[in-house]
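Written below as structure tokens is the structure these notes are about.
The values are calculated or read from the model by the stated rules, or taken from the named source; none is laboratory data. Keep in mind that this is a model prediction, so the values were computed, not measured. Ideal geometry is used to build each Cβ from the backbone, glycine not excepted, and the neighbour counts take in all protein chains shown.
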Amino acid sequence: MKTRIIEPLNDTAPVGTPSRDQSEESVELLAKLEALLSGSPTDLRGMLLREMVAGIVKFHEQPIDVLDIKIVTRALKELRYAFRVFQPYAHCLKVSIYGSARTPQDHPDFQLAIRFGRLLSQRGFMVITGAGPGIMEAGHQGAGRDMSFGVNIMLPFEQSANATILDDPKLVHLKYFFTRKLLFVRESQAAALFPGGFGTMDEAFEVLTLIQTGKANLVPIVCLQAPGTDYWDRWLDFVAGQLLPRGLISESDLSLFKIFTHEEPAVHEIQNFYRNFHSFRFVGDQIVVRIRESLTPLQLIQAQATFQDLCVDGLFSQVQAFPQEQDEPEVLHLPRLAFPYHRRNAGRLRQFIDWLNQLPSKVTP
């Protein structure tokens, strides 16, 4: 039996209260729809939008519960608004900071989060937090308002936007956890995990799961605990002592995260991840790894010998940008490696990225 939470269909006005003349609104909407539907069949953006419209029409044709339609409507509104907020900052590197809303300001973890956020902003990173109190507030205090985003979840208790990010245009309020977690992952280039409760554990394991299964891009994951504390050490005891021996994870999965007790090495870990490695994408069965400096012939041989297990009956090749990459003009100039990746071991791929980043630079400081 489906559990129902009865709420008004419109969060701001009673049902049936039009905000403007409905006939005028319909004419305007029909004109926009006609322009969209008559768009070029080669325009990918227009094609995807037409697909969305077709999906809405199918909702209308099927006997779907009104509350189910409301979920889709609200989620679409939340994502549309959040994407608009983040879009002007797409060029900025961002770090998502996770941690307990209940951490008091005099706790060593709170102070560590302040120092971590401050150092990130000094190194040019923006931060994303859940906008609440505790670790989230500490991250914002350290980074400062100008370098902070907030993705606040509306709860009946505990969660309201902290003073640093309150009323900032980079703060979004969300009803659903799934849209919030999507934004944390999609909009960031690193994840920082501080001690927390069920919510932090949920977010930590979701980030790890998405990366392990290839549903999210590989990013550095740093787990921070104050000096003299053992939150993540005890967590690792469980992961390495219970999951690994049972074959529930691979040993290489332990390479997906690292534990730190000080902000400086944690920030260095994030920065170093992008020292030589830039990004990757898939083109057919090939993974195309963009790097900042090309490999020497000897280094290419070393890569082949050390990471052959990542390939599917293939070779590592240094290549130019593929035609399919023309939609990313900002990275077309970068050197790249391509090989047929089996997509089954994100931990080993992370080890390959670490190997790329430790290669000596050919650029004179």
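For (1) of a type in the set (D, E, K, R); (2) in a strand (DSSP E or B), each residue gets a yes or a no:
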site: Ile249; (1), (2): no, no
site: Asp253; (1), (2): yes, no
site: Pro265; (1), (2): no, no
site: Glu269; (1), (2): yes, no
site: His278; (1), (2): no, yes
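You will find that of Gln105, Gln111, the residue that is at pLDDT 95 or above and part of a loop (DSSP other than H, G, I, E, B) is Gln105 and no other.
Can you tell me which residue is surrounded by the fewest Cβ atoms within 10 Å (Cβ to Cβ) among those in the stretch 346-365 that are at pLDDT 95 or above and of a type in the set (S, T, N, Q)? Result: Gln358.
What residue, of Ile211, Ile128, is out of contact with any His (no Cβ under 8 Å at 6 or more places or on another chain), among the β-branched types (Val, Ile, Thr) and under 23 Å from Glu264 (Cα atoms)? Being out of contact with any His (no Cβ under 8 Å at 6 or more places or on another chain), among the β-branched types (Val, Ile, Thr) and under 23 Å from Glu264 (Cα atoms) holds for just one of Ile211, Ile128, which is Ile128.
For the condition in the same structural domain as Asp233 (by TED's automatic domain parsing), closer than 24 Å to Ile71 by Cβ, under 17 Å from the mean Cα position of the chain (by Cα) and surrounded by fewer than 24 Cβ atoms within 10 Å (Cβ to Cβ), Val151 does not qualify. Name the single residue, out of those in the stretch 319-345 being within 16 Å of Asp285 (Cα to Cα) and of a type in the set (S, T, N, Q), that is surrounded by the most Cβ atoms within 10 Å (Cβ to Cβ). Of everything passing the filter in the stretch 319-345, Asn345 is surrounded by the most Cβ atoms within 10 Å (Cβ to Cβ). Taking the criterion of being among the β-branched types (Val, Ile, Thr) and under 20 Å from Leu256 (Cβ atoms), the only residue of the stretch 321-365 that qualifies is Ile353.
Scanning the stretch 119-137 for residues that are surrounded by fewer than 24 Cβ atoms within 10 Å (Cβ to Cβ), out of contact with any Leu (no Cβ under 6 Å at 6 or more places or on another chain) and in contact (Cβ under 8 Å) with a residue 60 or more places away in the chain gives Leu119, Arg123.
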